[in-house]
Amino acid sequence: MRHAILFTALLVLICAAGARSRPATDNTLPSIRVASGKDLYVQYCASCHGMDAKGQGPYASMLKIPPANLATLTRRHDGRFPYDYVSNTLRFGPGPTILHGSSDMPAWGPIFQYLDKNNERAVEERIKNLCNYLASLQVR
């Protein structure tokens, strides 16, 4: 009986020591894995805007409205990259134009929402990565 009590006490001490040395459980959502801005750009934007973002992609000539030169966004916005403008355009689309009706550019927000199974954090990360990549392409 004495050995059983000692064995139980030793087992409790070992379990307690093991529990203390283990890292705390992280109850947050699993981290999201979103492609880089460059990869997203190549996959979703380059066919119209071109690899250099200057609006000369292989499908540019097929569009009613020529794609924007995305490499000059900073120049066209007083020397500051317009993160909010680009983010909103990616999420909601450029909206209708006066001369041509609706734009050929899709609103990527709903598409990303679908691809990411309504994971808003993943959608925001995609848009942020794309914005950061476009900011890196700016011609000064």
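Odds and ends about this structure:
- Dividing the convex hull volume of the alpha carbon atoms of region 71-140 by its residue count gives 93 Å³ per residue.
- Nitroxide proxy distance, nm - points 7 Å out along Cα→Cβ at Arg140 and Asp78: 2.0
- J(HN,Hα) series, region 103-113, from Karplus relation 6.51 cos²θ - 1.76 cosθ + 1.60, nearest Hz, glycine and proline x: 7, 7, 6, x, 7, 7, x, x, 5, 5, 4
- In sequence order, calculated HN-Hα J values of region 69-80 (Karplus, 6.51, -1.76, 1.60; Hz; x Gly/Pro): 7, 7, 7, 10, 4, 4, 4, 7, 10, 6, x, 10
- Overall, region 54-138 carries a charge dipole of about 180 debye about its Cα centre when +1 sits on the Cβ of Lys and Arg and -1 on the Cβ of Asp and Glu, all other atoms neutral.
- Scalar couplings 3J(HN,Hα) for region 127-140, obtained by applying the Karplus form with A = 6.51, B = -1.76, C = 1.60 to θ = phi - 60°, are 5, 5, 4, 5, 4, 4, 5, 4, 4, 6, 8, 5, 8, 8 Hz; x denotes Gly and Pro.
Values in this text are rule-based calculations from the coordinates and carry no lab data. Please read these numbers as outputs of a predicted model, since none were measured by experiment. With ideal geometry, Cβ positions are generated from the backbone for all residues, glycine too; neighbour counts draw on all protein chains shown.
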